[in-house]
1. Being charged (D, E, K, R), surrounded by 14 or more Cβ atoms within 10 Å (Cβ to Cβ) and more than 35 Å from the chain's Cα centre (by Cα) is the requirement here; does residue 541 meet it?
2. Hey, among 269, 252, which residue is modelled with pLDDT of 95 or more and in contact with a Ser or Thr (Cβ under 6 Å, 6 or more places away or on another chain)?
3. Kindly establish whether residue 559 is under 26 Å from residue 481 (Cα atoms), hydroxyl-bearing (Ser, Thr, Tyr) and assigned to a helix (DSSP H, G or I).
4. If the requirement is being more than 25 Å from residue 478 (Cβ to Cβ) and in contact with a helix residue (DSSP H, G or I) (Cβ under 8 Å, 6 or more places away or on another chain), which of these qualifies: 571, 594?
5. Please work out if residue 400 is more than 28 Å from the chain's Cα centre (by Cα) and either of a type in the set (A, V, I, L, M) or not in a loop (DSSP other than H, G, I, E, B) (or both).
6. Sort through 346, 395, 360 and tell me the only one that's at positive phi, small (Gly, Ala, Ser) and either touching a helix residue (DSSP H, G or I) at 6+ places or on another chain (Cβ under 6 Å) or at pLDDT 95 or above (or both).
7. Here is a check on your reading of the model: is residue 36 at pLDDT below 80, assigned to a helix (DSSP H, G or I) and open to solvent by less than 30 Å² (accessible area, probe 1.4 Å)?
8. Tell me, please, whether a residue that is in contact with a Gly (Cβ under 9 Å, 6 or more places away or on another chain) and of a type in the set (D, E, K, R) can be found in the range 299-308.
Amino acid sequence: MHLTSRKHMPSPTGKHSDPNSKAPSRHGFVLYFKALTAIMSLVFLSACNQLATQPSSQEKSTELAEARSNTSPQFIESLLEAEFTLQREGAGKAFEPFYKLANQSRSLPLIERLTQISLITQNPQNIERSANLWLATAPTTEPAYALKLQIVVKEGRVRDTADLLTQAMQYKIPLSFLPVYLDNHVRDSEQINTISQALPLLPSEAKQNRYIQLSQARLAFLTGHYDAAKQLSQKLINDREIAENEALYLILAYSQEKLGQTPEAIKTLEVATKRFPKSLRLQTPLIDFLVRNQQSKEALKYYRESSLDEKDKLQAGINFTGTLLEYKHPVSALEALKLLPKRQLGFKDQILYLKAITFGQLNRLDDAIETMDMVKGALRSDATNRMAFWLYNEGRENTINDMVLRRTLRENTPEQVLTIYQLHEEKGHLDLALELLNKALLETPESDVLRYRKALLSDTLGNWQDTEKELTLLLNKDPSNPQYLNALGYTLLTRTDRIDEAMKYIESAYEKAESDPAIIDSLGWGFFLKNELEQASYYLEKAWSILPDAEIGAHYGESLWKQNHHEQAISIWIEALEAAPNTPLLLDTIKRLSPSLLKDMKLDTTP
């Protein structure tokens, strides 16, 4: 395997794409997740949030006062000891003493205190025990049902979930916590599935419970039953006994959109926004649907005339601009940016980023680069990458390296440099890639990642002496690193006649990482060069079985060919060619040993 294939540090951002293809994903371009976020972002103080706080001194006084009036001195002493345990050793140690006292006294303040302690422990068994005690003492307490629901659903206990909801209905407890729980766990398919299985087990009268119906509408949408979700949500919206609910309109609209009924979805949201004019969750999908339905001007009108407060209007405008850019409407995007509130409220970088992308889509690259250069914060790296693309498009690639190093924070240098290195490599500018690595190493000489990449690139460029120098430096710092050992060994193996020295490095690497196919390939090729062909084939076959890489195939096939196993060698080469027909080492090997194979496969080997 050629040295440059031994890159164990892939680019953290993967393949580069056209910077003008879409705006950043953080602005909500994936419509399905917008649907989930919009539908499910209801504000709810769950029992966990209500209770998972440290008890106040007033609550402690209430407990002690009730203890003094209703219990013995021994009980008070035990309560004080439990309190001392809580303060000294934490909630985990204090739970059992508090549980014993709460169970003995059936004091509601003490049970609530116990529940607080159980939540602090984050122990499901403790939480369920405290909830059970609470329900046994006060079965009409809604937060206790909400609390226990979290445990039984999370553990996938379908029957227990159904029994808990049935008990709540028997005590006339509103099940308002159930649809809220669904809202808070929309991405947890296992919990959604548990509730879906539990609802059919409820008594027949449960079908008339408004909160069960609200939950069924949510479940129908979440499980992809859009026709059912549409019918249920429409029915509930029309039911005057059920308070109007933003989520129902969202379920209806998104179900219509999923069914290909975008105009109907728009009408639904238009009605909803009239009833809830300050709802960001309704405005965002309405504008999105209008843009998708080629009604950008109407979307701009809605945004301009919206009654959202300043912060929500800013967020809606950012999302709106991102959607316009996703659908390649830069002129409308520029207009939307002009409509944003003047105060940017911490969104300055996001707005500048979108403005730069807009200029880019308008082919105003100078303006795009100048604007993007002002982007800092969390978007700094993305902005740098975009600028590099644009500079290539402008024919100013020679300015990229200085721009990257000027903009990049020192602690982010290795990651950022490797990303731009890959861009240079993809564009065929290995000279700029090497220049970038050299400049970056002057600023961050301690970066082993950059030094290793320089070593690999130097070998590609034929400067194997630099490769040996850099790898030696790395091994002085980390003498047991198998990748460094293998890279140096393979360099010496293929570039010099120091085969014995090379094999020592490779064998040392193999001892430390015996399942690494690159190292196994190096070992096999070393035996091949030493004319120990049986050993060579053994290791090369092992490497090929782990990773059928084209370069390993080239080595393995040549080893077989030299042992006159021609048909087997050709079979390996054909498989390698089908996977990677443009691999130089593979093509050179076949051209040298069996050129007719390339003609038979009609492969162009012209340089």
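1. Working: charged (D, E, K, R): yes; surrounded by 14 or more Cβ atoms within 10 Å (Cβ to Cβ): yes; more than 35 Å from the chain's Cα centre (by Cα): yes.
Considered against the rule, which asks whether it is charged (D, E, K, R), surrounded by 14 or more Cβ atoms within 10 Å (Cβ to Cβ) and more than 35 Å from the chain's Cα centre (by Cα), residue 541 comes out as yes.
2. Numbers: 269 fails: in contact with a Ser or Thr (Cβ under 6 Å, 6 or more places away or on another chain).
The match here is 252.
3. Working: under 26 Å from residue 481 (Cα atoms): no; hydroxyl-bearing (Ser, Thr, Tyr): yes; assigned to a helix (DSSP H, G or I): yes.
No: the conditions fail for residue 559.
4. On the way: 571 fails: in contact with a helix residue (DSSP H, G or I) (Cβ under 8 Å, 6 or more places away or on another chain).
Of 571, 594, the one residue that is more than 25 Å from residue 478 (Cβ to Cβ) and in contact with a helix residue (DSSP H, G or I) (Cβ under 8 Å, 6 or more places away or on another chain) is 594.
5. Numbers: more than 28 Å from the chain's Cα centre (by Cα): yes; either of a type in the set (A, V, I, L, M) or not in a loop (DSSP other than H, G, I, E, B) (or both): yes.
Judged against the criteria, residue 400 is a match.
6. On the way: 346 fails: either touching a helix residue (DSSP H, G or I) at 6+ places or on another chain (Cβ under 6 Å) or at pLDDT 95 or above (or both); 360 fails: at positive phi.
Going through 346, 395, 360 in turn, the sole match is 395.
7. yes
8. Checked the range 299-308: no residue is in contact with a Gly (Cβ under 9 Å, 6 or more places away or on another chain) and of a type in the set (D, E, K, R).
The values are calculated or read from the model by the stated rules, or taken from the named source; none is laboratory data. Here the structure is a predicted model, which means the values were calculated and not measured. When we count neighbours, we look across all protein chains shown, and the Cβ atoms used for this are built from the backbone with ideal geometry, even at glycine. Surface accessibility is based on the protein's heavy atoms, side chains included, excluding ligands, DNA and RNA. Shrake-Rupley method; radii C 1.70, N 1.55, O 1.52, S 1.80 Å.
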